[in-house]
Amino acid sequence: MDSSARESGMSVQEYALLGDRARADTLLSDRVSSGDQGGMHWVRAAAIQATWSTSSSTVLLPWIFGTLGYVGGPLCLVVFVGLALVVQLKVVELAAEHGAMADMADVGEALAGETGRRLFRGLLLANQVLFMPCALVFCAHSLRGLAFPKGPPPSLACHFYWTMMLVGVAFVVLQSGRRFGHASTLALATSAMCAAQVACIVAAVLRARADGDDDDDARGYGPWPAADATWAEIFGAAGSIGYVYVPAFVTVDVMREMRAPEEMAKALTGATAYMVAIYVVVGLAPPLRWDARRVADPVTDGFGASAPILGRAANGLLLVACGLDYLLAALAVNGACRRALVPKLDLDAFDVRSCASWALVTAPGLAASVALSLFVPDLDGLVGLLCAVVVPLAQLAVPALLLLQHHERVLGYACPSPTAAALAVAVVVGAALIGVTLSSTIYDIAHTAYGSGSLLCELAG
């Protein structure tokens, strides 16, 4: 970066407002180290996007669709994904114009100066820190189901045991995975695994009987939420839609390592189409086959003894795919920790000193994920915390609002009407999701029967 840019202390947004795009790009380029740049093909980038949270979403969506109905569920999914895709495509367009953005924090600065940088960095870290324990809990569920498809013996039923079995493995994996390019080959495989996982779930559903199938107070599955569904159930399911599609938190990071960053729009659109297709199939199959009340959360816990082989296969695929989800989230958290703790660390160096430094970098994220997975009661509570504020703000409301302002203040013209309307709707929907999800999450955690069992063994997870 030239001396005048360094000495002025001006932000990316301020240079852009003055029409000095070259100076703004120089400031951004100075922040992206040569070690971060790569030659990832757009297909690999799409695989990372398609894998990101998809595997765990496939076992969560049957409960969501079962609660919202076979019309209400897919409708909520399409609306949310459509709005989020519009927002992300505009973010990709902005990042491509500058050409040297490291993460969403740089996008925030381009849109709103230093305040935007801090806001987006905070949202990014909050999402990844809250997502990592969700992925860890899903891994614990799938490992238990893989080992004991008919249910573990009482001595091995404790959630704490299964979580701690994974911690050592997670630490080792995190030491070797330092950039998104390192995970791209595995992402290609796990994208295929997600499709295979969906096939196993659908086959198991067709063969298995849901637990409690003979209960007399069963309710049927209709197009909309059942009349006896509580507001907390409906709000919780609607808010959890935000969990299943969160490209905002990895798009720019992955784009930075692409051979042709301008192809990210193609990668993101293709990944989105793939995700929606498998989501609709796996989300509708269990509640259509079973009574909506019978759909477990996650659905792989509900196969029981009727389909142990298919259940074990689905859990095995879920374990690998959720493990990659955990790694991808950790890459973003570790990247932030590296910039704060050892910014000059070479990601391609594996000598003793570099490995020790990287172990220090990975420790905060790993410790936080283990603590949250053990001390937040049940999976719904973890997903609710993630979706209550972070996802609606970072995925919809904040970027959509800033993008609308950016067009008029920096580019000098308003967004095209269809795009402007979609961004405005995204702001409204994002704000509504905060109220919906936050209220149901508070209700869920407040009504947990803490005295009914051990927190670490029976209530957590």
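Bear in mind that the values in this text are calculations on the coordinates, not laboratory data. Here the structure is a predicted model, which means the values were calculated and not measured. Note: ideal-geometry Cβ built from the backbone for every residue, glycine included; neighbour counts use all protein chains shown.
Here are the numbers:
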{"quantity": "Loop-resident sites, segment 312-397, for chymotrypsin sites (Phe, Trp or Tyr not before Pro), counting at most 15 other Cβ within 10 Å (DSSP)", "calculated": "Phe350"}
{"quantity": "Reach of Lys266 by Cα under 25 Å, taken over lysines that are not fewer than 8 positions away in the same chain", "calculated": "Lys90"}
{"quantity": "Segment 332-367: trypsin sites (Lys or Arg not before Pro) in DSSP loop, at most 13 other beta carbons within 10 Å", "calculated": "Lys344"}
{"quantity": "Nearest-20 debye value, segment 35-375 charge dipole, Cβ charges on Lys, Arg, Asp, Glu", "calculated": "580"}
{"quantity": "For Met40, residues with placed amide H under 5 Å, excluding near neighbours", "calculated": "Met258, Arg259"}
{"quantity": "In segment 107-157, the trypsin sites (Lys or Arg not before Pro) that fall in loop regions by DSSP, at most 15 other Cβ within 10 Å", "calculated": "Lys150"}
{"quantity": "Burial ordering of Thr163, Thr251, fewest other beta-carbon atoms within 10 Å first", "calculated": "Thr163, Thr251"}
{"quantity": "Least to most buried among Asp228, Asp444, Asp106 (fewest other Cβ within 10 Å first)", "calculated": "Asp228, Asp444, Asp106"}
